[in-house]
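Notes follow the structure.
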Amino acid sequence: MDVLDTAERYLQLHGRLIDRLRFEALFRGGPRERVLDVLRSYQNPDGGFGNALEPDLRGAGSQPEPVEVAFWILDELDAFDSPMVPAACDYLAGVSAPDGGVPFVLPSVRDTPHAPWWETPDEPPGSLVPTASIAGLLHKHGITHPWLATATDFCWSRIAAITETTPYEARAVVTFLELVSDRPRAEAEFARLREAILATVSLDPDTSGDAHFPLDFAPEPARLPLFTQDVLDAHLDALLAAQSADGGWNGNWLMWTPLVAHEWGGYVTVLRLQTLRAYGRLPQP
């Protein structure tokens, strides 16, 4: 079987319904409406998302990061016309810190099962993770909402203060700079931060542990290129080789409870297939 067939088999055996339907919509001509129906079940009455849409946050209640996960799914379906979007923006406006950004995680996480890295002070400040990625996606799709202006100002301010960064923050910054509407400003900040961003990237495809690779920063060809084509080709070769015997891919971070390994596996497998397709590495139908 080819890459898609074996991945489909993996998803049928292990993937969540939403990830099986994402695969069907993106690679088999299935209806996007079925994905949206399932995604709505993760959205709470407050407009936020929870219910383990982000598998490492097991609680039912809303958190900022699952909004980012939801928005990436809406992005891949070109479905930002969904009513889920303004409702989520209303939620973000309600949980933003005084500095204008949404926190990495809210203190309510303490009352629910969660991965050990989801920790926060009592009054968490805004964070570029996930504010920058969420704002970038809203800019990409031309969404207007009062929260976006405030969040964009927050992102520009925080980005301007960066001299050194971390992998997750760097990935959020790259997303924002790639998608934000003010292109001259984005290109100037990208040029200033390029070396600091590259310092967070693992260029050796065989790096173990919670490493961040070029394709994590450039899951599709980018207009703000960080990497040469030979680097991308080496990592695309490694990505194809990393497909497991049962057809899937998974995250390289701690799978802290057995269930999340397959929940992440289904989600990540669909992402990896999209990257391979974006770079022309999937067999043509």
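Does segment 46-159 come out rounded, prolate or oblate, given a ≥ b ≥ c as the square roots of the eigenvalues of its C-alpha gyration tensor, rounded meaning a/c under 1.5 and, failing that, prolate meaning a/b above b/c?
oblate
Let me know the shape class of segment 227-285, please: from the alpha-carbon gyration tensor, a ≥ b ≥ c as square roots of the eigenvalues, rounded when a/c is under 1.5, otherwise prolate if a/b is greater than b/c, or oblate.
prolate
Which value in nm describes the separation of the simple spin-label points at Glu164 and Asp230, placed 7 Å from the Cα toward the beta carbon?
3.0
Where in segment 1-39 does the label zone of Arg281 land, with the point 7 angstrom along Cα→C-beta and an amide N cut-off under 18 Å?
2-8, 27
So which GluC sites (Glu not before Pro) in segment 30-128 pass both tests, a DSSP loop state and at most 16 other Cβ atoms within 10 Å of the Cβ?
Glu119
Output the relative contact order of segment 1-96, whole-number percent, from Cα pairs under 8 angstrom with separation of 6+ residues.
Answer for segment 1-96 is 20 percent.
Scan around Gln63 for amide H atoms under 5 Å from its own, H built in the peptide plane at 1.01 Å from N, and keep only partners 5 or more places away or cross-chain.
HN-HN under 5 Å from Gln63: Phe49.
For segment 134-285, what size does the Cα cloud have along each of its three principal axes, sorted from largest down, in whole Å?
In descending order, the Cα extents are 46, 36, 34 Å.
As a footprinting exposure proxy, order Asp81, Asp75, Asp206, Asp56 by other Cβ within 10 Å, with the fewest listed first.
Going from sparsest to densest Cβ surroundings: Asp206, Asp81, Asp75, Asp56.
Give the span of the chain's Cα atoms along each principal axis, as three whole-Å numbers ordered largest to smallest.
53, 41, 35
Give the residue list of chymotrypsin sites (Phe, Trp or Tyr not before Pro) in segment 176-253 that are DSSP loop and have at most 12 other beta-carbon atoms within 10 angstrom.
none
Given a Förster radius of 41 Å and the C-beta distance between Arg28 and Leu254 as r, what FRET efficiency does 1/(1 + (r/R0)^6) yield to the nearest 0.05?
0.80
Under the definition of Cα pairs under 8 Å and six or more residues apart, what whole-number percent is the relative contact order of segment 42-200?
Value for segment 42-200: 19 percent.
Evaluate the distance, in nm, between pseudo-label points positioned 7 Å from the Cα of Asp81 and of Glu220 along their respective Cα→Cβ axes.
Distance between the two pseudo-spin positions: 1.8 nm.
Assuming R0 = 35 Å, what is the FRET efficiency of Glu187 and Ala242, from their Cβ-Cβ distance, to the nearest 0.05?
The formula returns an efficiency of 0.60 here.
Only the coordinates and a few stated rules stand behind these numbers; no lab work does. Fair warning: this is a prediction, and the values are worked out from it, not measured in the lab. FYI the Cβ positions are ideal-geometry reconstructions off the backbone, even for glycines, and counts take in every protein chain you see.
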